[in-house]
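The values are calculated or read from the model by the stated rules, or taken from the named source; none is laboratory data. Source: prediction; values computed, not measured. Cβ atoms come from the backbone with ideal geometry, glycine included; neighbour counts cover every protein chain shown. Surface areas here come from the heavy atoms of the whole protein model, side chains and all, with no ligands, DNA or RNA. Shrake-Rupley method; radii C 1.70, N 1.55, O 1.52, S 1.80 Å.
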Amino acid sequence: QGAGIHLSHGLLLDVAGDDSYRGGILVQGAAHDYAVGALLDRAGRDSYLADQNAQGHGMNNSLAWLVDGAGDDVYTARDPATTQGVGNEGGFRDYGSLGLLLDLGGRDVYSAGGKNNRALLRPLYGIVDDREAPAEVVP
């Protein structure tokens, strides 16, 4: 589900439909150990469920993001402290990690404290940013 682990890149791209993402650890746009992880879901009423280190969590020198487009979505995690736009200081490796959860529309619910149409800074270089996407410009 868009996870990059140990010098790799993981990507999940979904363009439409109501989806239910379920997983345990290092899923849903997560990255660990010099990696990049991304989950991009363009539209639909989606549900995200994970245990920990997920939903836009970058750890140990990585970049992680979960971007969800239009639709009412629910983001649930058993350990909110390690999910939903959380970064990492890097520890002994001296590099940090970035974590991003970006939701671009709809009424959304977050178990880690995110709110509709607001940005929430998360621990150690992370952010949850919920905003309405601008209307498309037609030439």
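Some observations on this one:
- Among the candidates Val128, Val109, residue that is open to solvent by less than 50 Å² (accessible area, probe 1.4 Å) and among the β-branched types (Val, Ile, Thr): Val128
- Residues of the stretch 1-42 satisfying the condition of being of a type in the set (Ser, Thr, Tyr) and assigned to a strand (DSSP E or B): Ser20, Tyr21
- Some residue of the stretch 81-92 being surrounded by fewer than 17 Cβ atoms within 10 Å (Cβ to Cβ), among the β-branched types (Val, Ile, Thr) and out of contact with any Ser or Thr (no Cβ under 8 Å at 6 or more places or on another chain): no
- Take the conditions (1) crowded, with 24+ Cβ neighbours inside 10 Å; (2) out of contact with any Ser or Thr (no Cβ under 9 Å at 6 or more places or on another chain); (3) within 18 Å of Gln1 (Cα to Cα); Tyr48 misses just one of them, which is (2).
Condition check ((1) in contact with a Lys or Arg (Cβ under 7 Å, 6 or more places away or on another chain); (2) of a type outside the set (D, E, K, R); (3) modelled with pLDDT of 95 or more) across all residues:
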site: Thr76; (1), (2), (3): no, yes, yes
site: Arg93; (1), (2), (3): no, no, no
site: Gly96; (1), (2), (3): no, yes, no
site: Val109; (1), (2), (3): no, yes, yes
